[in-house]
Structure formats: structure tokens, C-alpha cells
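Here the structure comes first, spelled out in C-alpha cells, and everything after it is commentary.
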Amino acid sequence: MRKARWAAAAAGVVLMVTGCGSEGGSDEGKGGGSGSSQAPAEAGSLDAAAVTKEIADAATAAGFTEKPSDDVPPALRSCMVSWQPDDKKAADPKTSYDATVAALGKGGWKESQNFDQQGSVIKTLDKSGWTVKASYQGQKDTFLLITFIATDNGPACEKLFREDLEKNKDS
């Protein structure tokens, strides 16, 4: 439960940093995550399943395997993707991180922001109304946290993120 709340909080941070409500993204009822009974995404747009596949394909090609973790809260599954690699299984996590970001770039994700300071790297990549925050923080063999968190920037998802934040505000 704690990790699910963390994921929702991370979504809120990503939402605030990316300026949710920008162009593109989902429409009310757009489908995605596992167990979803929602309608498919509009032609040419991405849904959560497609974003998950793109991140997973790029990351596994770069040498990462996915680290099992708590799932995204059910209400946010069509609006958010959280993919965390098992950095202990990667030969060189930094090289794999860089290769994953490069592969996403080759797949049409456009880098819009880059933060690199004292061992922390956060790259923001945008595509079809979605934003990926690719984060690499810490050092191998000490504390290392690598995450790829994607959010749909559409108005329907903005509403869901705000509702989730309000619901968990006092928790």
C-alpha cells in the first residue's frame, strides 16, 4: 500500500512539473492499463499499454529487467505508467539508463528538459500528449534509484490525478 501511495504522489509531482493540461493526451474513457474496460485510444495517440511497451522495449534492449513493484492505483492506470528496472541485474546501470533514454528518443520521444546535478539525472521526454520522467539518482553499490514514470497530460487524466491527490491528502 505504501508503494501505491508513493506512485500516486510521484504522479502528482510529475503532474505539477510537466504542467498537466497541455495539449494532447487522453480523452475521458480512454483505455490502457490491465483490467481496464475503457474504450481504446484515438487513432494516432498513445495509451498506457503502448507507453508501457515502448518503455519496456527500450529498457530491456538496454540491459534492464523490470523490478516487480506495487501497481499503479486502479483509477490512474489509464493515465500513468511506472516502470522501474532492477538495477542490480544490469551490468552498468548508468549505461543502460542512457541507452534507454536514447532508444526512446529514436522512437519519437522528444527531450524537453534535462536536469543533471550531483549524481541525479532527470530527463523529460514528450510524445503524443504523454510525458516520461526518466530519473537516475545515486550511485551503484550505494543507493541507486532508477525510474521511468509516464503521465498522460490530457484534461481527463489531469482531473483523475487531482482527485487522487485530494483523496490521499490527509492519508
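Taken together, the values in this text are just the output of simple stated rules run on the coordinates, not laboratory data. Just so it is clear, the model here is predicted, and its values are computed rather than measured. Please note: Cβ atoms are built from the backbone with ideal geometry, for glycine as well, and neighbour counts cover all protein chains shown.
Modelled this way, with points 7 Å down the Cα-to-C-beta line, the labels at GLN113 and GLU66 are 2.6 nm from one another. Working from Cα pairs under 8 Å separated by at least six residues, relative contact order for the range 44-89 is 46 percent.
In a shell of Cβ-Cβ distance under 13 Å around PHE64, excluding PHE64 itself, what net charge do Lys and Arg (+1) and Asp and Glu (-1) give?
-2
Taking each residue as 0.36 nm, the span from LYS94 to ALA75 lengthens on full extension beyond its C-alpha to C-alpha distance by 3.6 nm. Checking the Cα-Cα distances for LYS89/LYS169; LYS67/LYS123; LYS89/LYS167 against a 27 Å cut-off, the pairs over it are LYS89/LYS169; LYS89/LYS167.
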